[in-house]
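*Asks:* Next up is a structure, given as structure tokens.
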Amino acid sequence: MPLTELHHPVVDHWITRLRDRRTRPDEFRVICKRLTWFLVIEATRDLPTVVHEVETPLERHAGRALDADLVVVPILRAGLGMLEAVTDMFPKIAVGYVGLERDHTTAMASTYYCKLPEVRDRVVLVVDPMLATGGSAGAAVEMLRKAGARDVRLLSMVAAPEGVRALEKRFPDLKIVTAALDRELNDSKYILPGLGDFGDRLYGTGDTLL
Ligand code: PRP
Ligand code: URA
């Protein structure tokens, strides 16, 4: 499945503010939520709808209502920064959690938590802002596939070509939507130009407040 990169001046504006090392966690969190709305809109573009009749103040109107059961799965912890934008948009959405952490030396992700609702016959939105090697997102998708999910869509803020290629090879039908497809990974498997460690910048841990 092809990658979709958002091309939108407002997205470019806010992603640049995220990249700026001077952007502090309070502002970073607000921008993250704003950008997630754009990703959600793109990732759900093809959701089915049914006719839904309403009375406007003037006449009867055959409108549309969404006809899909949805699940959102934030990858802890940085994915939590994207969760509220999704639950605002879809108040009835079920929420699953996958906890994954990359080892700082090897960049290999290991799982420390997994709690999923029913995912069979549902549209599953995996939210994780950084797609670097693809190890974390790949592990989450694997868990979802094992749980019976067929329609999985990955929403990321910034993706590296290496991670996109790895996921495309492993899951050819995975839909990936990203706000920015960056240049490459560095030797430590961080995305360039990137924005640093998303979780640290979101929550003010690490050396992000320098
Ligand atoms: C970050 C990010 C992704 C992962 C991407 O999480 O939020 O989950 O790295 O890297 P990958 O594509 O190479 O797996 P991290 O492991 O730093 O954990 P955190 O969200 O708890 O900070
Ligand atoms: N995780 C991050 O938070 N940033 C990167 O650049 C790569 C992985």
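*Asks:* If you put +1 on each Lys and Arg Cβ and -1 on each Asp and Glu Cβ, how big is the dipole of segment 4-203 around its Cα centre, in Debye rounded to 20?
*Replies:* So the dipole magnitude of segment 4-203 works out to roughly 340 debye.
*Asks:* How far apart, in nm, are the 7 Å Cα→Cβ label points at Trp37 and Asp103?
*Replies:* Label-label distance for Trp37 and Asp103, simple model: 4.1 nm.
*Asks:* Can you give me the C-alpha center-to-center distance between segment 118-137 and segment 82-102, rounded to a whole angstrom?
*Replies:* For segment 118-137 versus segment 82-102, the Cα centre distance is 10 Å.
*Asks:* For the chain, what does -39500 (n - 2.57) per DSSP helix run (n ≥ 4), summed and divided by total residues, give at 222 nm, in deg cm²/dmol to the nearest 500?
*Replies:* -10000 deg cm²/dmol
*Asks:* Right, something else. Glu84 to Arg17: extension gain in nm, 0.36 nm per residue of separation minus the Cα-Cα distance?
*Replies:* That works out to 22.1 nm of additional length.
*Asks:* Hey, what's segment 4-203 come to in accessible area per residue, 1.4 Å probe, Å²?
*Replies:* Averaged over the residues of segment 4-203, the accessible area is 52 Å².
*Asks:* Subtract the Cα-Cα distance of Arg60 and Arg150 from 0.36 nm times their separation in residues, and report this length gain in nm to one decimal.
*Replies:* Between Arg60 and Arg150, full extension yields 28.7 nm more.
*Asks:* Amide H of Gly194: which non-local residues (sequence gap of 5 or more, or other chain) have their own amide H closer than 5 Å, using H built in the peptide plane?
*Replies:* Amide H to amide H, under 5 Å and 5 or more residues apart or across chains, Gly194 pairs with Arg183.
*Asks:* Right, something else. Classify segment 1-127 as rounded, prolate or oblate from the Cα gyration tensor: take a ≥ b ≥ c as the square roots of its eigenvalues, call it rounded if a/c is under 1.5, otherwise prolate when a/b beats b/c and oblate if not.
*Replies:* oblate
*Asks:* If you take every DSSP beta bridge whose two residues both sit in the chain, what share of them, in percent to the nearest 5, is antiparallel?
*Replies:* Restricted to the chain, the bridges split so that about 40 percent are antiparallel.
*Asks:* What percentage of the solvent-accessible surface of segment 75-182, computed with a 1.4 Å probe over protein heavy atoms, is contributed by carbon and sulfur atoms?
*Replies:* Accessible surface attributable to carbon and sulfur in segment 75-182 totals 53 percent.
*Asks:* Considering the options Pro9, Ile31, Thr44, tell which one lies farthest towards the positive end of the dipole of the chain, charges being +1 on Lys and Arg and -1 on Asp and Glu at the Cβ, about the Cα centre.
*Replies:* Positive-end residue among those listed: Ile31.
*Asks:* Please tell me the relative contact order of segment 4-203 in percent, rounded to the nearest whole number, where contacts are Cα pairs under 8 Å and at least six residues apart.
*Replies:* Computed over segment 4-203, the figure is 22 percent.
The values are calculated or read from the model by the stated rules, or taken from the named source; none is laboratory data. None of the values given here were measured: they were computed from a predicted structure. Virtual Cβ from ideal backbone geometry, glycine too; neighbours counted across all protein chains shown. SASA here: full protein model, heavy atoms, side chains in, ligands and nucleic acids out. Shrake-Rupley method; radii C 1.70, N 1.55, O 1.52, S 1.80 Å.
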